[in-house]
Amino acid sequence: MGEFDVDAWRAVEEAVRLENERQRAAGLPPARRYRALHPKAAEFLYLLALASGARRIVEVGTSAGYSTLWLARACVATGGVVVTLELEAGMAEVARGHLELAGVSDLVEIRPGDARETLPQLVGPFDLAFVDAEKAEYVDYGELLWPKLAAGASLVADNVVSHAEATAPFLAWLRARGDAATTVLEVGNGLAWAVKGRT
Ligand SMILES: C[S@@+](CC[C@H](N)C(=O)[O-])C[C@H]1O[C@@H](n2cnc3c(N)ncnc32)[C@H](O)[C@@H]1O
């Protein structure tokens with residue numbers, strides 16, 4: 001990849017963030033919105049990826065690529081790559097456009113399709129996994145992701161405070177694991193953060 005242009009990246013980050021706010025304020029139905037991660041949660045993901053030097057990142061739920069923009073920016077520094085999984089082919093194309101404009105598309109592989117079908121095809125190990133798709137499917141994603149995480153890797157999932165009931169089975173699944181240290185961060189809509197133990 002050529003030299004990273006942080007101003008180009010910032011311009012796209014701002015445009016996607018503002019468009020997400022506009023869509024929400026206009027009351028568009030969820031299926032027609034970007035449903036982007038809260039900016040504070042995106043910053044947390046970015047810092048986590050940087051601090052852990054994550055080089056192999058997997059994301060479930062790309063939408064328009066807002067969280068992917070932040071993960072890819074971390075990869076500029078870590079020398080890493082992101083594989084991101086998105087059910088809706090149209091949304092995957094929107095994300096592709098944003099990542100290209102931001103100058104980070106070389107660092108991202110977008111895989112359209114149901115993550116429950118595309119996750120088994122991925123070859124780990126991954127250093128960081130981010131889950132932000134259907135809450136009712138979080139346990140399915142977790143089951144498929146966990147064996148592909150390296151020891152010491154992080155699994156982060158969004159909406160565990162805003163949608164506490166829907167994500168409770170996922171938190172219970174994580175907390176029942178003997179090889180995971182788990183907490184909930186009240187950042188944005190609430191992030192579950194689990195670190196895979198070195199068993
Ligand atoms: C909350 S949005 C993701 C927002 C994105 N992470 C961001 O911050 O910009 C959830 C996305 O997950 C996608 N999705 C839902 N079920 C999925 C599945 N089984 N596999 C892959 N993607 C899925 C939806 O199409 C939607 O685009």
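Any read-out appearing in this document is the output of simple, stated calculations on the displayed coordinates, not a laboratory observation. In this text, all values refer to a predicted model and were calculated from it rather than measured experimentally. When we count neighbours, we look across all protein chains shown, and the Cβ atoms used for this are built from the backbone with ideal geometry, even at glycine.
List of remarks:
- Theoretical gain in end-to-end length, Asp179 to Ala77 [0.36 nm per residue, Cα-Cα removed]: 33.8 nm
- For Glu134, net neighbour charge (Lys/Arg +1, Asp/Glu -1) across residues whose Cβ lies under 13 Å away: -4
- Cα-based equivalent ellipsoid, the chain: semi-axes from gyration tensor eigenvalues, Å: 24, 20, 15
- Note: relative contact order over the chain, using C-alpha pairs below 8 Å and six or more positions apart, is 18 percent.
- Restricting the trypsin sites (Lys or Arg not before Pro) of the stretch 144-199 to loop positions (DSSP other than H, G, I, E, B) with no more than 10 neighbouring Cβ atoms within 10 Å leaves Arg198.
- Spin-label pair Ala26/Lys40, simplified geometry with 7 Å Cα→Cβ offset, distance in nm: 2.7 nm
- Formal net charge of residues neighbouring Asn20 (Cβ-Cβ distance under 9 Å; K, R +1; D, E -1): +3
- Taking each residue as 0.36 nm, the span from Glu19 to Ala151 lengthens on full extension beyond its C-alpha to C-alpha distance by 43.8 nm.
- Amide N proximity, the stretch 82-101 versus Gln121 label position 7 Å along Cα-to-Cβ, cut-off under 16 Å: 83-90, 92-93
- FRET efficiency, His163 to Glu109 (Cβ-Cβ, R0 25 Å, nearest 0.05): 0.35
- Once the chain from Ala136 to Val6 is taken as fully extended at 0.36 nm per residue, the excess over their C-alpha distance is 43.2 nm.
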